[in-house]
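Have a look at the structure below before the remarks.
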């Protein structure tokens, strides 16, 4: 009887809609916008996208649509998928134009993949030629054009690498507060040494030669960007993309 009474008295926990968040909670302390996306009770917050995760998301949908064999065996299709990834290297003002160019390259058997990409990463067209709807993920959140121009990292791989390394140094899944604080203090000390080296123009753990050369090739392409040659530009970028 007590259990039945308790169940009747329980109330569904109140949920907070993203619309209820004040403007100050929609930004970081530095004033950067969050991405707020709510679907099936999941809210995603982020300020910068990772190109690697963007590519992996596209690849997962290639597999989910049973197109992985086509990707590997059909060179034309595989190259077109890479051009979709290449849209992240376009100037933001040219993303829609670039997408329309790539769209004309796909065959009908890739409609499901194409529709997913358009709805999620570009935005669906409105009826009667009235522009496009807001995309699920804003273009700026995956775009790396400005980051390449300003010589900034195109992914958060270094952050994830540090996180994995720190986890291994802690050695246990649930450390005590004392142990965790000590590990953080040691990590801070290491950072201070690394910063001192950087200020003296020392190079810390340079990337492998193959990755450095790839970054240099892409940087040359991006710095030579010509909005009148978008199709050729996307082809050149795609030639340097791997999934």
(message) Being assigned to a helix (DSSP H, G or I), modelled with pLDDT of 55 or more and not assigned by TED's automatic domain parsing to the domain that holds residue 138 is the requirement here; does residue 24 meet it?
(response) yes
(request) Could you identify the single residue in 73, 66 that is assigned by TED's automatic domain parsing to the domain that holds residue 234, on the phi > 0 side of the Ramachandran plot and at pLDDT 50 or above? (result) 66
(message) Kindly evaluate residue 213 against the criterion of being at positive phi and modelled with pLDDT under 95.
(response) no
(request) May I ask you to verify whether residue 158 is in a helix (DSSP H, G or I), over 23 Å from the mean Cα position of the chain (by Cα) and modelled with pLDDT under 90? (result) no
(request) Scan the stretch 131-150 residue by residue and report those that are in a loop (DSSP other than H, G, I, E, B), more than 14 Å from the chain's Cα centre (by Cα) and surrounded by 14 or more Cβ atoms within 10 Å (Cβ to Cβ). (result) 135
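The rows are residues; the columns are (1) in contact with a helix residue (DSSP H, G or I) (Cβ under 9 Å, 6 or more places away or on another chain); (2) over 15 Å from residue 87 (Cα atoms); (3) surrounded by fewer than 12 Cβ atoms within 10 Å (Cβ to Cβ).
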residue: 175; (1), (2), (3): yes, yes, no
residue: 202; (1), (2), (3): yes, yes, yes
residue: 222; (1), (2), (3): yes, no, no
residue: 238; (1), (2), (3): yes, no, no
(request) Among what's in the stretch 104-130 and is without any contact (Cβ under 8 Å) to a residue 12 or more places away in the chain and part of a helix (DSSP H, G or I), pick the residue that is farthest from residue 58 (Cα to Cα). (result) 128
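The values are calculated or read from the model by the stated rules, or taken from the named source; none is laboratory data. Computed from a predicted model, the values in this text were never measured in an experiment. Positions of Cβ are generated from backbone atoms using ideal geometry, with glycine treated the same way; all protein chains shown enter the neighbour counts.
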